[in-house]
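Each remark here refers to the structure printed beneath this line.
The values are calculated or read from the model by the stated rules, or taken from the named source; none is laboratory data. None of the values given here were measured: they were computed from a predicted structure. Methodologically, a virtual Cβ is constructed for each residue, glycine included, from the backbone with ideal geometry; neighbour enumeration extends over all protein chains shown.
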């Protein structure tokens, strides 16, 4: 495990989640701890769990763990064929056999279905479905971009997504502990950047940008703006003090690479639009970002950014987190597959069915 993640600090964070009824999140977070370091909310709800964070029987019962499991990826995401990674080599996860070979269906402990590739239920192997086999629904798009949800109730046993209350939780990124004696920030020549590939005037983020740009200069990159420096987002944004980490839709826990890679990896202060500030603070320190909801208008936000531009001491306070943490950006798709495989091993024979997938995911 690379280090302790931000999400386990302080104990109050986990307690808040438990009070919100999201106890199920603990299952996958703890099971995947050795892979992703997201030992989320281990301090939550019980000191026994804190003292024995890998005590799986508290969550899944006392089922014995298999030494080898086979995970069949039914659809390769977005129809793109790729070579599957070795979980042991990549993440030190043993006993995981990943395959896309459907002829191994009867031998597979679990089947992984990527939501965006589900188009024809006749393609599902219902007739040969094994009672002990786990069908896992995997989706990393927001509910706004996830059609057919209402027709999928009662089909899948587990959920796998960016939501912390998924059975298999894999965030787009996370902070892990790494102490430094000195914070190094790249030299900043410019003020505000935004990289966007999906421009829609009806989107809240575009409407907010159109108001904000009236009061402050914003450089646009991507399909509707300038070319990236060396075709590299991090190299481009590193020259800017602030980055508009605006999500394409606003949903619980939907915090994507726009924050983790585009802003944090570039050492630019993220100006976020997505879920609430409260939701962001479950993942990152409260003084590491600026939320648009902190200001009554885009004009007030622009005034604050100009103030920080002239006050280096105040600006640098947004990077205090770098003294204790570093950023991990989740890699698609090997990390997801290996996390699922490790969870299957830990869960043993435990079984259930997700009866209302749409009701849960859209909540």
Item to check | Selection within the range 201-211 - out of contact with any strand residue (DSSP E or B) (no Cβ under 8 Å at 6 or more places or on another chain) and either assigned by TED's automatic domain parsing to the domain that holds residue 336 or touching a residue at least 24 places away in the same chain (Cβ under 8 Å) (or both) | outcome: 203, 211
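Okay, residues lined up against (1) surrounded by 21 or more Cβ atoms within 10 Å (Cβ to Cβ); (2) in contact (Cβ under 8 Å) with a residue 60 or more places away in the chain; (3) under 24 Å from the mean Cα position of the chain (by Cα); (4) closer than 26 Å to residue 130 by Cβ:
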| site | (1), (2), (3), (4) |
| --- | --- |
| 323 | no, yes, yes, no |
| 342 | yes, yes, yes, yes |
| 351 | no, yes, no, yes |
| 356 | no, yes, yes, yes |
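Would you mention how many residues in the range 101-110 are crowded, with 16+ Cβ neighbours inside 10 Å and either closer than 24 Å to residue 148 by Cα or in contact with a helix residue (DSSP H, G or I) (Cβ under 6 Å, 6 or more places away or on another chain) (or both)? Steps first, answer last, please.
Step one: list which residues in the range 101-110 are crowded, with 16+ Cβ neighbours inside 10 Å, which gives 105, 108-110.
From what is left, the residues that are either closer than 24 Å to residue 148 by Cα or in contact with a helix residue (DSSP H, G or I) (Cβ under 6 Å, 6 or more places away or on another chain) (or both) are 109-110.
Residues in the range 101-110 being crowded, with 16+ Cβ neighbours inside 10 Å and either closer than 24 Å to residue 148 by Cα or in contact with a helix residue (DSSP H, G or I) (Cβ under 6 Å, 6 or more places away or on another chain) (or both): 2 in total.
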Item to check | Residues (in a loop (DSSP other than H, G, I, E, B) and in contact (Cβ under 8 Å) with a residue 24 or more places away in the chain) located in the range 68-84 | outcome: 68, 74, 75, 76, 82, 84
Next on the checklist: Criterion first (outside any strand (DSSP E or B) and either modelled with pLDDT under 95 or on the phi > 0 side of the Ramachandran plot (or both)) does residue 144 satisfy it?
Outcome noted: no
Checklist entry - Pick from 135, 148, 158: which is without any contact (Cβ under 8 Å) to a residue 40 or more places away in the chain, touching a strand residue (DSSP E or B) at 6+ places or on another chain (Cβ under 6 Å) and within 18 Å of residue 112 (Cβ to Cβ)? => result 135
Item to check | Selection status of residue 261, assigned to a helix (DSSP H, G or I), touching a residue at least 12 places away in the same chain (Cβ under 8 Å) and surrounded by fewer than 17 Cβ atoms within 10 Å (Cβ to Cβ) | outcome: no
Checklist outcome for this item: Only one of 171, 143, 186 is closer than 21 Å to residue 242 by Cβ and touching a residue at least 40 places away in the same chain (Cβ under 8 Å), namely 186
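Considering only helices (runs of 4 or more DSSP H) fully contained in the range 296-353, which possess at least 2 residues that are at pLDDT 95 or above, in contact with a strand residue (DSSP E or B) (Cβ under 8 Å, 6 or more places away or on another chain) and closer than 22 Å to residue 175 by Cβ?
Helices (runs of 4 or more DSSP H) meeting the threshold: 334-347.
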Checklist outcome for this item: The residue that is surrounded by the fewest Cβ atoms within 10 Å (Cβ to Cβ), considering only those in the range 278-295 that are in a helix (DSSP H, G or I) and in contact with a strand residue (DSSP E or B) (Cβ under 8 Å, 6 or more places away or on another chain), is 292
Next on the checklist: If the requirement is being at pLDDT 95 or above and within 18 Å of the chain's Cα centre (by Cα), which of these qualifies: 205, 163, 213?
Outcome noted: 163
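Hey, can you tell me all the residues within the range 111-134 that are outside any loop (DSSP other than H, G, I, E, B) and either surrounded by fewer than 20 Cβ atoms within 10 Å (Cβ to Cβ) or at positive phi (or both)?
116, 117, 121, 122, 123
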Checklist entry - Any residue at all in the range 229-247 that is touching a strand residue (DSSP E or B) at 6+ places or on another chain (Cβ under 9 Å) and more than 23 Å from residue 189 (Cα to Cα)? => result yes
Checklist entry - In the range 279-308, what residues are under 16 Å from the mean Cα position of the chain (by Cα) and more than 19 Å from residue 241 (Cα to Cα)? => result 279, 280, 281, 282, 283
